[in-house]
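The structure appears below as structure tokens.
The values are calculated or read from the model by the stated rules, or taken from the named source; none is laboratory data. No experiment lies behind these values; they were computed from the predicted model shown. All Cβ positions, even for glycine, are placed from backbone atoms using ideal geometry, and neighbour counts span all protein chains on display. Surface accessibility is based on the protein's heavy atoms, side chains included, excluding ligands, DNA and RNA. Shrake-Rupley method; radii C 1.70, N 1.55, O 1.52, S 1.80 Å.
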Amino acid sequence: MTNVKPQIPRVVPQREASPCDRLFAGRLPGIRVYGKSQDGEPVPFRRIDLAPTPAAFGGGRQPAIFLADVTGPFGEGDGTGSPRRRTRPAPGSPTQYEAAKAGVITPEMSFVAERENLRRDALIEELAAIGNPKAKALYERSAKAKRFTPEDVRALVAAREAVIPLNFRHPEAEPMAIGRAFATKVNANIGTSSISKDWHEEIGKLREALFCGADTVMDLSTGAHIVETREALLRSSPVPVGTVPIYEALERAGKPEDLTWEHFRDVMEAQAKQGVDYMTIHAGVLRDHVALTKDRLTGIVSRGGGLLAAWMHAKREENFLYLHFDEILEIARRYDVTLSLGDGLRSGSVHDGCDKAQFAELKTLGELNRRAAEAGVQVMIEGPGHIVLPKVELNQQLEDEWCSRAPFYTLGPLVTDMGAGYDHITAAIGGALIGAAGTAMLCYVTPKEHLGLPDAADVREGMAAFRIAAHAADLARGIPGADLRDLAMSSARFEFRWNDQFALSVDPARAAAFHDETLSGSGAREAHFCSMCGPQFCPMKLARDLFD
Ligand code: SF4
């Protein structure tokens with residue numbers, strides 16, 4: 001496999017630009033600026049410069065708001081440049097967890113602290129400089145809320161409450177942390193299937209996911225060109241890349257019953273060598289657990305879980321990933337691959353949610369997490385599935401208890417089964433709720449869930465839904481500085497600063513397009529109303545007039 005010469009597309013597939021895309025330079029508002037980590041490393045942000053308050057509302061300059069910028073080379077120039085390559089230690093060096101435990105602050109920990117703080121130091125300086133007492137009163141408390149130090153990041157990694165998924169062989173990726181103390185992260189699944197027409201499209205999906213703020217991407221490719229697709233994604237991606245190695249192991253074996261530990265080991269080793277940052281490993285699906293799914297309405301819905309259940313049934317043997325877990329840990333440790341302990345028995349319907357099978361696996365994942373700690377390997381725990389609203393929080397509570405507060409990484413959960421075509425919404429509802437309870441990363445779901453392979457437009461929809469869910473969770477958990485964007489948005493809304501509203505929204509081009517669709521023309525973006533209620537009945541205008 002390592003002999004394959006990857007063909008990395010030189011030209012990034014671009015969607016046809018709409019007028020709004022052009023306005024926002026390909027949907028990214030603001031401009032790229034860099035902060036500096038404690039080690040002097042540049043950390044990218046997007047600076048959103050806001051318009052002053054209109055004179056009719058008292059005037060006054062507004063400070064800039066900073067957002068994390070995960071777009072790497074895609075968000076710079078014409079988007080076809082190469083990612084900056086960071087210096088990385090050689091394989092076999094101490095993992096982030098081992099370094100943290102030894103009291104060492106790595107460059108990655110410093111980078112993470114700078115990114116999580118969202119340049120609030122610059123905001124405080126600007127608030128002092130612009131002399132706008134109203135803006136100072138509005139932003140100062142959040143701007144001055146707790147700031148992370150590199151030592152805080154180290155302590156959380158050492159406590160196994162945060163991970164920094166970054167393979168020693170992935171110099172293109174920028175460091176980021178997944179943990180409940182930090183902003184909730186969102187993963188976007190991309191990748192080919194056996195019926196994909198052109199694997200180069202995956203680079204377009206990567207770009208789309210990054211433009212919408214994906215913190216990691218998982219390459220779930222199956223079918224032909226798995227290796228080339230992964231190589232292209234790894235060498236292009238400024239965010240950590242995850243995989244599910246058993247998919248490729250199955251491609252090699254041909255059919256589940258021919259799969260062997262050796263197939264898996266070779267694939268895992270090769271993917272680790274290639275630079276994959278985290279891997280889903282379904283080592284907690286045990287034979288006894290599978291028996292507990294017998295009376296389920298929807299059986300086993302995880303691809304990896306179903307595959308291993310079929311293998312165990314055919315072989316009458318225990319899950320080889322569980323039996324060989326120590327060897328898995330050895331490979332993961334060598335490259336600092338974070339293990340994402342997979343929820344192979346997650347529920348596929350609300351009827352099956354929180355059943356014995358799901359929880360038996362979760363308990364086993366807790367045991368595997370403890371073994372990984374002894375081996376110096378970073379771990380996340382994957383979670384449900386389809387779960388009714390009142391039981392969503394329980395999943396986080398049990399994960400805390402059984403898995404020692406390791407970062408929880410959940411798919412949704414989807415809170416109803418009837419949302420086909422809109423499952424990004426059913427899943428974002430559960431995602432916001434479980435994120436509020438402490439989940440560290442949400443795996444997005446697209447409108448195509450249960451129906452087909454998502455395309456770039458579906459990626460955009462799924463990402464928008466999950467960025468909103470993650471942000472709602474940040475507000476609920478009181479993540480320092482998370483509310484700055486909301487304060488800025490609401491202030492812009494009440495002062496009818498339309499362009500600021502667009503720039504601060506989750507999808508600026510869409511917000512601008514929707515506004516202009518029904519109220520366009522030269523004055524529309526200065527108007528003190530929109531087409532929703534019209535000039536006579538705009539309640540915000542009326543509310544303002546009360547005190548003018
Ligand atoms: S017209 Fe209605 S929807 Fe539009 S800005 Fe005023 S209150 Fe908001």
*Sort out which residues of segment 36-78 are in contact (Cβ under 8 Å) with a residue 24 or more places away in the chain, closer than 20 Å to Asn499 by Cα and assigned to a loop (DSSP other than H, G, I, E, B), and write them in order of number.*
Leu50, Ala51, Thr53, Pro54, Gly58, Gly60, Arg61, Gln62, Pro63, Ala64, Asp69
*Is it the case that some residue within segment 138-151 is open to solvent by less than 30 Å² (accessible area, probe 1.4 Å), in contact (Cβ under 8 Å) with a residue 60 or more places away in the chain, under 27 Å from Arg85 (Cα atoms) and within 19 Å of the chain's Cα centre (by Cα)?*
no
*Sole exception among (1) out of contact with any Phe, Trp or Tyr (no Cβ under 7 Å at 6 or more places or on another chain); (2) in contact (Cβ under 8 Å) with a residue 12 or more places away in the chain; (3) within 13 Å of the ligand (Cβ to nearest atom); (4) part of a loop (DSSP other than H, G, I, E, B) for Gln501, by number*: (4)
*asked:* Could you list, ordered by first residue, the pairs with Cβ atoms under 8 Å in which the first is in segment 263-279 and of a type in the set (Gly, Ala, Ser) and the second is modelled with pLDDT under 95 and surrounded by fewer than 20 Cβ atoms within 10 Å (Cβ to Cβ), at least 6 apart or interchain?
replied: Ala270/Met1; Ala270/Thr2
*List every residue pair whose Cβ atoms lie under 7 Å apart, where the two residues are 6 or more positions apart in sequence or sit on different chains, the first residue falls within segment 520-548 and is without any contact (Cβ under 8 Å) to a residue 60 or more places away in the chain, and the second residue, located anywhere, is open to solvent by less than 90 Å² (accessible area, probe 1.4 Å) and away from the ligand (no atom under 11 Å from the Cβ).*
Ala524/Asp516; Arg525/Asn499
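Within segment 478-498, can you find the residues that are in a helix (DSSP H, G or I) and within 14 Å of the ligand (Cβ to nearest atom)?
Initially, segment 478-498 is screened for residues in a helix (DSSP H, G or I), giving 484-494, 498.
Selection gives Met489, Ser490, Ser491, Ala492, Arg493, Phe494, Trp498.
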*Spot the failing condition for Asp295; the list is (1) out of contact with any Asp or Glu (no Cβ under 8 Å at 6 or more places or on another chain); (2) open to solvent by less than 20 Å² (accessible area, probe 1.4 Å), and only one is missed.*
(2)
_When the residues of segment 97-137 are narrowed to those that are touching a helix residue (DSSP H, G or I) at 6+ places or on another chain (Cβ under 7 Å) and open to solvent by 50 Å² or more (accessible area, probe 1.4 Å), which ends up nearest to Asp215 (Cα to Cα)?_
Ile105
_On the basis of being of a type in the set (Asp, Glu), closer than 20 Å to Pro29 by Cβ and away from the ligand (no atom under 16 Å from the Cβ), does Asp516 make the cut?_
no
_Name the residue that is surrounded by the most Cβ atoms within 10 Å (Cβ to Cβ), counting only residues in segment 314-339 that are under 22 Å from the mean Cα position of the chain (by Cα) and not charged (D, E, K, R)._
Val337
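Can you work out which of the residues in segment 340-356 that are within 28 Å of Glu330 (Cα to Cα) and among the aliphatic types (A, V, I, L, M) is surrounded by the most Cβ atoms within 10 Å (Cβ to Cβ)? Don't jump to the end; show me each part of the working.
If we filter segment 340-356 for residues that are within 28 Å of Glu330 (Cα to Cα), which is where we start, we get 340-346.
Narrowing the set further to residues that are among the aliphatic types (A, V, I, L, M) leaves 341, 345.
Numbers: Leu341: 29, Leu345: 35.
That would be Leu345.
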*Can you name the condition, by its number, that Leu475 falls short on among (1) closer than 30 Å to Lys146 by Cα; (2) in contact with a helix residue (DSSP H, G or I) (Cβ under 8 Å, 6 or more places away or on another chain); (3) open to solvent by 50 Å² or more (accessible area, probe 1.4 Å); (4) touching a residue at least 12 places away in the same chain (Cβ under 8 Å)?*
(4)
*Evaluate segment 272-284: report whether one residue or more is of a type in the set (Lys, Arg), at pLDDT 95 or above, more than 17 Å from Ile226 (Cβ to Cβ) and open to solvent by 10 Å² or more (accessible area, probe 1.4 Å).*
no
*Residues that are farther than 18 Å from Pro83 by Cα, open to solvent by less than 20 Å² (accessible area, probe 1.4 Å) and not in a loop (DSSP other than H, G, I, E, B), drawn from segment 179-217*: Gly179, Lys185, Val186, Asn187, Ala188, Ile190
*Could you look through segment 490-518, keep only residues that are surrounded by fewer than 18 Cβ atoms within 10 Å (Cβ to Cβ) and among the aliphatic types (A, V, I, L, M), and pick out the one that is nearest to Ala135 (Cα to Cα)?*
Val506
*asked:* Consider segment 243-264. How many of its residues are closer than 17 Å to Gly284 by Cβ and not in a helix (DSSP H, G or I)?
replied: 1
_Residue selected from segment 527-542 under the condition assigned to a helix (DSSP H, G or I) and either near the ligand (Cβ under 8 Å from one of its atoms) or touching a helix residue (DSSP H, G or I) at 6+ places or on another chain (Cβ under 8 Å) (or both), by the criterion most open to solvent (accessible area, probe 1.4 Å)_ = Phe537
*Qualifying positions in segment 237-249 - surrounded by fewer than 24 Cβ atoms within 10 Å (Cβ to Cβ) and hydroxyl-bearing (Ser, Thr, Tyr)*: Tyr247
*Only residues that are buried (at least 16 other Cβ atoms within 10 Å of the Cβ) and charged (D, E, K, R): list them for segment 46-75, please.*
Arg46, Arg47, Asp69
